[in-house]
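Peer 1: Structure in structure tokens, see below.
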Amino acid sequence: MSKHLKNFLEDRYILFPLIAGVVFWIISLVLFFLKISALEKNVIIHFNPGGVIDLAGSSSTVLLIIFYFLVFFLMNQALAYVFYFREKVLSYLVSYAAVWIIFLGMVLMYSLTVIN
């Protein structure tokens, strides 16, 4: 492990969002496998304001959404690493914003389990 990466991972303001993001993503994955993957029918993904279903898909579509959240999280953490040695505050903002987005993904998974 390089010296720069070690310094990056030892910073508590970076380590907490990394751990929290991974935990939120794992919770989303567990929710998917416990509730949604067993569904045989189409999974309701979105309602319009009138309460009518306007988007449905298979459970593999929902799994793909979870992996999109992971890719987004990892890209933001890589961006935080790039910014870390030039502007630490910006890297903290990017890192915590990524955690917020992956938390919203976990909320999305919870709402999909409640709907279906």
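Rule-based calculations on the coordinates, nothing more; no lab input. None of the values given here were measured: they were computed from a predicted structure. Counting neighbours? That spans all protein chains shown, and the Cβs are built from the backbone with ideal geometry, glycine included.
Peer 1: Using a Cα-Cα cut-off of under 30 Å, which lysines could be cross-linked to K88, ignoring same-chain neighbours fewer than 8 residues away?
Peer 2: Within reach: K3, K6.
Peer 1: In whole Hz, what ³J(HN,Hα) sequence does segment 86-93 give by Karplus (6.51, -1.76, 1.60; θ = phi - 60°), x for Gly and Pro?
Peer 2: Calculated HN-Hα couplings, in order: 9, 9, 5, 4, 5, 5, 5, 4 Hz.
Peer 1: Please compute the Kirkwood hydrodynamic radius of segment 76-116 from all pairs of different C-alpha atoms, in Å with one decimal.
Peer 2: Its Kirkwood hydrodynamic radius stands at 11.2 Å.
Peer 1: Arrange S60, S28 by Cβ neighbour counts within 10 Å, fewest through most, would you?
Peer 2: Working: S60 10, S28 24.
Lowest count first: S60, S28.
Peer 1: Which ³J(HN,Hα) values, rounded to whole Hz and listed in residue order, are derived for segment 48-59 from phi using the Karplus coefficients 6.51, -1.76 and 1.60 in 6.51 cos²θ - 1.76 cosθ + 1.60 with θ = phi - 60°, glycine and proline given as x?
Peer 2: For segment 48-59, the Karplus curve yields 8, x, x, x, 9, 5, 10, 8, 9, x, 7, 5 Hz.
Peer 1: Counting just the Cα atoms, what span does the chain cover along each of its three principal axes? Round to the nearest Å and put the largest first.
Peer 2: Computed over the chain, the largest-to-smallest principal extents equal 51, 28, 17 Å.
Peer 1: For segment 67-78, take each phi angle, set θ = phi - 60°, evaluate the Karplus expression 6.51 cos²θ - 1.76 cosθ + 1.60, and give the result in whole Hz per residue in order, putting x for glycine and proline.
Peer 2: Working through the residues one at a time gives 6, 5, 4, 5, 4, 4, 4, 5, 5, 5, 5, 5 Hz.
Peer 1: Using Cα pairs closer than 8 Å and at least 6 residues apart in sequence, work out the relative contact order for the chain, in percent.
Peer 2: Working: 114 pairs, mean separation 41.3, N = 116.
Result for the chain is 36 percent.
Peer 1: Then there's this: Based only on other Cβ atoms within 10 Å, what is the fewest-to-most ordering of W100, W25?
Peer 2: Ranking W100, W25 by Cβ neighbours within 10 Å, fewest first, gives W100, W25.
Peer 1: For I45, enumerate residues with amide H under 5 Å from its amide H, sequence gap 5+ or separate chain, H modeled in the peptide plane.
Peer 2: Placed amide hydrogens put L55, A56, G57 under 5 Å from I45.
Peer 1: Could I ask something else about it? Among G51, G21, G105, whose mean-square fluctuation peaks in a Gaussian network model of the chain (Cα, cutoff 10 Å)?
Peer 2: Largest GNM mean-square fluctuation: G51.
Peer 1: Go through segment 1-81 and name the trypsin sites (Lys or Arg not before Pro) that are in a DSSP coil and have 12 or fewer other Cβ atoms within 10 Å of their Cβ.
Peer 2: Counting only loop positions with at most 12 other Cβ atoms within 10 Å, the trypsin sites (Lys or Arg not before Pro) in segment 1-81 are K41.
Peer 1: With the crude spin-label approximation of a point 7 Å out along Cα→Cβ, what separation in nm comes out for F16 versus K3?
Peer 2: Taking the simple label geometry, F16 and K3 are separated by 2.8 nm.
Peer 1: When Y13, Y81 are ordered from fewest to most other Cβ atoms inside 10 Å of their Cβ, what list results?
Peer 2: Details: Y13 14, Y81 17.
Ranking Y13, Y81 by Cβ neighbours within 10 Å, fewest first, gives Y13, Y81.
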